[in-house]
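Below is one structure; the comments refer to it alone.
The values are calculated or read from the model by the stated rules, or taken from the named source; none is laboratory data. From a predicted model like this one, the values you see are computed outputs, not experimental measurements. Virtual Cβ from ideal backbone geometry, glycine too; neighbours counted across all protein chains shown.
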Amino acid sequence: MSRILAAILALGAILGLYALLRVVQRWDPARLATPLTPDQMTMQAENAVMVAREHGQTLWKLRVNSIVLRRPRDSDLTDFHAVDFAGVHEGTVFDEGRKVASFSAGSATYERPLKRLDVQRDIRVRTTEGEEFASDRCIWTETDEFARFPDGAKAAIKGDSVRAPNMLYSTRTRLVQCPDGAEAVFRGQPVAARSLEWDMATQRVRCTGPVTGERASVRFMAQYAELDLKNRTIRVNNGAVDLRIDGGEDAP
């Protein structure tokens, strides 16, 4: 996902898009969600397919209902300060020519001064590893390892899921962090914690307390819990107790 930001920074990709789509320059503030001020101009494309490439390799590809390039009036195209995307669908992200994720969203804005991509409304992401994310807002910045879901999100993979009011996801290590609390279901067992960290690559979950959960008809509470989803075990209170997790879907 971090490659999206690098690609957007490549102005050549944006200009190439407009050339391919025979974009015309128009001034129509009434059609924008956020009206432009008199000292701004816009270049707009509708029903567009956008492909970003670097060194001959495709970084990402998406289809959008419209693209708006914002820049000061009488400025060169290279002076754009924001790009608005509306109706993002059929999005695909590549890594060294290999597809790694698909996504869709209601809208997105890239803010050049902040080097930030702000994606909003009905976000759906699915990685080739089977991980799925749903949220109404996601923020990526060029220098940040994590994709941030400040308004909450739900993450799921192979029958396990976690829901949190604030979530971070490392696109490089496949690590999910929920610093402000989370409710989850792992192997059919509910768990709630003050903070939760889910390593999707190793299938390990670390929770800090209070942590509450349930095994069959027995509930437990602890200050710390570590779940090994692959071996179907849970360790609470820094290793004082080991519990075998039963029920739920079979471990992969």
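Taking the criterion of being free of Cβ contacts under 8 Å to residues at least 40 places away in the same chain and more than 23 Å from the chain's Cα centre (by Cα), would at least one residue in the stretch 192-209 satisfy it?
Looking through the stretch 192-209, at least one residue is free of Cβ contacts under 8 Å to residues at least 40 places away in the same chain and more than 23 Å from the chain's Cα centre (by Cα).
Here is a yes/no grid of residues against (1) surrounded by 15 or more Cβ atoms within 10 Å (Cβ to Cβ); (2) more than 25 Å from residue 56 (Cα to Cα):
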| site | (1), (2) |
| --- | --- |
| 84 | yes, yes |
| 96 | no, no |
| 102 | yes, no |
| 109 | yes, yes |
| 127 | yes, no |
| 134 | yes, yes |
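Which one of these does residue 205 not meet: (1) under 23 Å from residue 88 (Cβ atoms); (2) not in a loop (DSSP other than H, G, I, E, B)?
All conditions are met except number (1).
How many of the residues making up the stretch 157-179 are more than 13 Å from the chain's Cα centre (by Cα) and either of a type in the set (A, V, I, L, M) or surrounded by 21 or more Cβ atoms within 10 Å (Cβ to Cβ) (or both)?
5
Looking at the stretch 111-125, which of the residues that are among the hydrophobic types (A, V, I, L, M, F, W, C) and either free of Cβ contacts under 8 Å to residues at least 60 places away in the same chain or more than 17 Å from residue 84 (Cα to Cα) (or both) is surrounded by the fewest Cβ atoms within 10 Å (Cβ to Cβ)?
That would be 114.
Hey, does the stretch 128-138 have a residue that's modelled with pLDDT of 80 or more, more than 11 Å from the chain's Cα centre (by Cα) and more than 28 Å from residue 55 (Cβ to Cβ)?
The answer is yes; a qualifying residue exists.
Looking at (1) modelled with pLDDT of 70 or more; (2) in a loop (DSSP other than H, G, I, E, B); (3) aromatic (Phe, Trp, Tyr), which one does residue 27 not meet, given that it meets all the others?
(1)
Please note which strands (runs of 3 or more DSSP E) are completely contained in the stretch 112-164 and include at least 3 residues that are among the β-branched types (Val, Ile, Thr) and closer than 18 Å to residue 90 by Cα.
Correct list: 116-127.
Answer yes or no as to whether residue 182 is within 25 Å of residue 231 (Cβ to Cβ) and surrounded by 22 or more Cβ atoms within 10 Å (Cβ to Cβ).
Judged against the criteria, residue 182 is a match.
Just to verify a result, which residue in the stretch 34-62, among those that are more than 19 Å from residue 108 (Cβ to Cβ) and charged (D, E, K, R), is modelled with the lowest pLDDT?
Selected residue: 39.
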